[in-house]
Amino acid sequence: MTQTQSISFAGGFYDAPVAASHAFRAAMTAMARPGDIKVIEGAQPPKGLSVAAGSLLLTLCDPETAIFLASDVDSPELRGWLTFHTGAPFAPAEKADFAIGGWEALTPLDQFKIGTAEYPDRSATLVVEMPELSNAGPILSGPGIKETARLSLPSLTEFQGNAQLFPLGLDFFFTSGSQVAALPRSTSVMAED
Amino acid sequence: MSNYNFAYLDEQTKRMIRRAILKGLAVPGYQVPFASREMPMPYGWGTGGVQVSAATLTPEDTLKVIDQGADDTTNAVSIRKFFERTAGVETTEETEQASVIQTRHRIPEAKLREDQILVYQVPIPEPLRFLEPRETETRKMHSLEEYGLMHVKLYEDISQHGAIATSYAYPVKVEDRYVMDPSPIPKFDNPKMEMAAIQLFGAGREQRIYAVPPYTKVVSLDFEDYPFEATKAEHACDLCGAEDSYLDEVIVDDAGNRMFVCSDTDYCRSRRGAGHVGRLAQEEVA
């Protein structure tokens with residue numbers, strides 16, 4: 001128990017205002033340019049969560065945002081770490097502002113908030129942990145993309161269905177190691193030819 | 001600088017603004033409500049833009065601030081000094097050198113790059129506000145994509161003036177969905193909004209943030225028989241001779257004489273530096 005606690009206290013941002021500003025710039029650039037893969041780091045989360053996902057959560061989460069931990073990443077260590085560093089409450093999927101986990105554990109997507117017609121921003125942001133990220137696979141087009149981009153998405157139909165909901169829908173970050181990419185609801189996804 | 005948190009705002013406020021920016025980017029043109037803070041400057045002086053810039057800046061950034069295109073007006077100078085002092089960032093007057101540009105009512109003439117961010121100060125973010133004062137109603141109109149009223153307004157312009165008389169804050173439709181107020185930029189600047197840089201909009205008093213990602217479709221509203229026209233004064237700049245830049249008209253004496261000068265001071269200066277000479281600058285030389 002004592003050891004668990006001491007792990008929870010470590011691994012936060014060293015210089016929070018500066019580290020968070022760098023992490024946010026990476027996250028914002030990724031969200032503004034779907035398919036672009038950026039480096040995001042600064043946090044050292046407990047085992048089971050990538051540096052990118054940990055840095056993203058420390059940058060964006062606080063007592064005002066409810067986090068859903070999917071079964072594959074949920075652990076007392078991670079809960080302790082997130083609680084100490086962000087103060088964010090944990091919530092079931094349907095109430096979460098941020099959800100974190102592997103793709104299999106996060107699906108089905110219809111359990112998350114997609115916003116309302118008048119407030120489409122009141123939707124969940126999913127942080128999907130990936131084995132790796134690369135600019136290959138499905139073809140992306142839409143806002144933020146000059147012509148087309150490619151990103152190694154874990155699925156096709158779910159993202160096509162999500163884009164159909166626009167302006168409602170979910171927004172995704174994909175994390176692997178210290179890399180991050182994003183797929184907002186505004187991006188249309190096509191199978192590679 | 002050490003007496004302030006980096007870029008003035010506390011971290012929780014920045015997180016709240018950052019979340020709003022991300023949702024704004026995900027739904028281009030949609031106004032995301034945010035808990036705007038009181039800033040050490042009055043409303044109408046760019047409190048929204050300052051909060052967005054504060055949440056966006058990193059210590060390595062080079063900041064440029066313009067007010068109606070000029071780097072040397074009170075508003076621009078004081079915001080630039082504010083961030084020099086609270087964030088310790090480098091500042092510049094050159095568009096080329098800047099990584100973050102905060103602007104009031106203009107888009108720089110120089111083409112912006114992919115690695116640049118343009119932050120707009122917005123007074124009234126709701127394009128339908130002067131047609132429908134109730135927020136509950138305008139929100140419903142956006143949700144139903146009910147923009148007929150805006151077209152009626154433009155039509156009334158034509159029936160009264162023979163042309164669409166709206167010359168600034170000219171409404172645009174973003175990615176075929178949301179009608180958005182581009183902030184009070186002259187309509188001359190509207191076509192530039194389909195750009196490589198990230199565009200962020202902050203309205204402090206009205207507590208709204210919205211965004212346009214790079215290469216997003218931004219169409220100025222018009223009619224087939226009255227197409228949109230990006231207009232400017234029919235003159236060349238009297239200092240640098242530019243015929244392609246947006247001009248300010250300046251009364252120069254009691255006899256009513258006037259001159260036209262580039263509103264973008266950096267553009268004008270760099271052109272003069274490159275040897276371009278306008279009508280009145282020639283007289284000075286002679």
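Worth a mention:
- 0 to 90° range, to nearest 10: angle between helix A:16-32 axis and chain A longest Cα axis: 20
- Residue separation of B:His235 and B:Gln282 scaled by 0.36 nm, minus their Cα-Cα distance, works out to 15.3 nm of gained length.
- All Cα-Cα distances of the protein assembly as shown, cut into 10 Å bins from zero to the largest, leave 4, 19, 29, 25, 14, 6, 2, 1, 0 percent in each bin in turn.
- In this assembly, the A-B interface accounts for approximately 3400 Å² of buried accessible surface in total, computed with a 1.4 Å probe and without ligands, DNA or RNA.
- Projecting the Cα atoms of A:Gln111, A:Gln160, A:Ala32 onto the charge dipole of the range A:3-184 (Cβ charges, centred on the Cα centre) puts A:Ala32 farthest toward the positive pole.
- Relative contact order computed over the range A:46-116 (Cα-Cα under 8 Å; 6+ residues apart), in percent: 36
- Beta bridges from DSSP with both residues in chain A: antiparallel share about 50 percent, rounded to the nearest 5.
- Counting, for every residue in A:159-172, the Cβ atoms of other protein chains within 10 Å of its Cβ and taking the mean gives 2.
- Chain B: DSSP helices with Cα axial extent of at least 27 Å and average Kyte-Doolittle hydropathy no lower than -1.0: none
- Interface residues, the range B:209-238 - accessible area loss of 40 Å² or more versus chain alone, probe 1.4 Å: B:Pro214, B:Tyr215
- On Cα atoms only, tilt of A:51-60 relative to the major axis of chain A in degrees: 90
- Share antiparallel - DSSP beta bridges, chain B, percent rounded to 5: 55
- Scaled against the 2.2 N^0.38 Å expected of a compact globular protein of N residues, the Cα radius of gyration of the range A:46-93 reads 1.01.
- Both numbers refer to the Cα atoms of the range A:3-184; Rg and Dmax are 15.6, 51 Å.
- FRET efficiency for A:Asp15 and A:Gln164, using Cβ-Cβ distance with R0 set to 56 Å, rounded to 0.05: 0.85
- Per-residue mean of foreign Cβ neighbours for B:27-39 is 3 (Cβ atoms of other chains, 10 Å radius).
- Averaged per residue, the protein assembly as shown has 42 square angstrom of accessible surface, using a 1.4 angstrom probe with ligands and nucleic acids left out.
- Fraction of antiparallel bridges per DSSP, the range A:19-132 only, in percent to nearest 5: 10
- Here each label is just a point 7 Å from Cα along the line to Cβ, and for A:Leu156 and B:Val152 those points are 4.7 nm apart.
- Contact-buried residues of the range A:112-149, at a threshold of 20 Å² lost accessible area versus the chain by itself: A:Ala117, A:Glu118, A:Tyr119, A:Pro120, A:Asp121, A:Pro143, A:Gly144, A:Lys146 (1.4 Å probe; DNA, RNA and ligands ignored).
- Taking 0.36 nm per residue of separation and subtracting the current Cα-Cα distance, fully stretching the chain between A:Thr107 and A:Glu132 would add 7.1 nm.
- Carbon + sulfur, % of accessible area of the range A:3-184 - ligands and nucleic acids excluded, 1.4 Å: 52
- Residue list for the range B:130-156, given a label point 7 angstrom along the Cα-to-Cβ vector of B:Phe223 and an amide N cut-off under 18 Å: B:147-156
- In this label model, B:Ala274 and A:Arg79 are separated by 6.3 nm, measuring between points 7 Å along each Cα→Cβ vector.
- Within straight-line cross-link reach of B:Lys173, lysines at Cα separation under 27 Å, skipping those fewer than 8 residues along the same chain: A:Lys113, A:Lys146, B:Lys23, B:Lys111, B:Lys140, B:Lys153, B:Lys187, B:Lys192, B:Lys217, B:Lys232
The values are calculated or read from the model by the stated rules, or taken from the named source; none is laboratory data. Values in this document were obtained by computation on a predicted structure and should not be read as measured data. Glycine also receives a Cβ, built like all others from the backbone with ideal geometry; neighbour counts cover every protein chain displayed. Ligands, DNA and RNA are excluded from the accessible area calculation, which covers all protein heavy atoms including side chains. Shrake-Rupley method; radii C 1.70, N 1.55, O 1.52, S 1.80 Å.
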